[in-house]
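What follows is one structure encoded as structure tokens, with my remarks underneath.
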Amino acid sequence: MDKPLVAITGASSGIGEATARAFSSAGHPVLMMARRLEKMKAMNLPDTVCRKVDVRHRDEIRVAVEDAERIYGPVDMMFANAGVARLADIGRQSPEEWDEMIDINTKGVMNTVHAVMRSMMERQSGTLVMMSSIAGRKVYPDHTVYCGTKYFVHGVSEALREFLSDHMVRVLVVSPGVIETEILSGVLDEGTLEAYRRNKVRIGGGIGADIVGELILNAYQLPQNALVQEICLTPTRQRY
């Protein structure tokens, strides 16, 4: 392959799927990782390795990366995209929902980074794309623990960016607002779900995930010595 391998977690839908399609169309082989294997295979993208992966399990990511790298060479971009949003009134929310968000949105991100970071440092090249949210920049009602996990992504990304800069490894944070994805499927609190839907209608709906995927591709295609540190994208009518 003329173009290097890219890897994406949470690749079965939403921004992960859109990013996989964007990079595949640009000629990159893609390692797609998610819990829903059949959805990834059904996309039928060329030069793709699909692996069932739960980012809470570090070894599953490692094995998937090793499998893909044997075919296509080292991962040049890792998109730590997998995440869940169990939005709810914190006073009523089950702590088990907190556990799931913390494990996937924070530990899962670090497990994903761990699978490729040392190789990128040794090669003095590579890009880490970290999925955060506008909820990692400001707080929202019923987003308490979710916001905490996304603030973590922002904080750890800043630290990684500083640490990896001397190794010519780029760290890009993606902080979207309301995007047309399956994110609402994780909201089990009916009051929170209704408030989210009302706000989404008020602003005229979310942005297509394909727009985010193309922005990530455009940022990646810059020379290695040029870094877009953060993509913060919202619908024009989203005020907060």
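The values are calculated or read from the model by the stated rules, or taken from the named source; none is laboratory data. Just so we're clear, the structure is a prediction, and the values are computed from it rather than from any experiment. Note: ideal-geometry Cβ built from the backbone for every residue, glycine included; neighbour counts use all protein chains shown. Note: accessible area is taken over every heavy atom of the protein model, side chains too, but ligands, DNA and RNA are not part of it. Shrake-Rupley method; radii C 1.70, N 1.55, O 1.52, S 1.80 Å.
Data overview
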{"read-out": "Set G148, G108: member being under 18 Å from G186 (Cα atoms) and either in a loop (DSSP other than H, G, I, E, B) or within 13 Å of the chain's Cα centre (by Cα) (or both)", "value": "G108"}
{"read-out": "Odd one out for S175 among (1) touching a residue at least 60 places away in the same chain (Cβ under 8 Å); (2) in contact with a Cys (Cβ under 8 Å, 6 or more places away or on another chain)", "value": "(1)"}
{"read-out": "Condition met for G108 (more than 26 Å from R62 (Cα to Cα), of a type outside the set (S, T, Y) and buried (at least 20 other Cβ atoms within 10 Å of the Cβ))", "value": "no"}
{"read-out": "Among the candidates P223, P141, residue that is in a loop (DSSP other than H, G, I, E, B), modelled with pLDDT under 95, open to solvent by 50 Å² or more (accessible area, probe 1.4 Å) and out of contact with any Asp or Glu (no Cβ under 7 Å at 6 or more places or on another chain)", "value": "P141"}
{"read-out": "All positions within region 179-220 that are open to solvent by 50 Å² or more (accessible area, probe 1.4 Å), among the aliphatic types (A, V, I, L, M) and in contact with a strand residue (DSSP E or B) (Cβ under 9 Å, 6 or more places away or on another chain)", "value": "I211, L215"}
{"read-out": "Which numbered condition V129 misses (of (1) in contact with a strand residue (DSSP E or B) (Cβ under 9 Å, 6 or more places away or on another chain); (2) within 26 Å of E96 (Cβ to Cβ); (3) open to solvent by less than 10 Å² (accessible area, probe 1.4 Å); (4) not hydroxyl-bearing (S, T, Y))", "value": "(2)"}
{"read-out": "Region 89-102, residues that are open to solvent by less than 50 Å² (accessible area, probe 1.4 Å) and within 19 Å of the chain's Cα centre (by Cα)", "value": "E100, M101"}
{"read-out": "Considering residues of region 180-214 that are assigned to a helix (DSSP H, G or I) and hydroxyl-bearing (S, T, Y) only, the residue nearest to H143 (Cα to Cα)", "value": "T192"}
{"read-out": "First in region 195-207 and in contact (Cβ under 8 Å) with a residue 24 or more places away in the chain, second anywhere and of a type in the set (D, E, K, R) and in a helix (DSSP H, G or I), Cβ under 9 Å, 6 or more apart", "value": "G206/K200"}
{"read-out": "Of all residues in region 111-126 being among the polar types (S, T, N, Q), under 16 Å from R62 (Cβ atoms) and more than 12 Å from the chain's Cα centre (by Cα), the one that is least open to solvent (accessible area, probe 1.4 Å)", "value": "N111"}
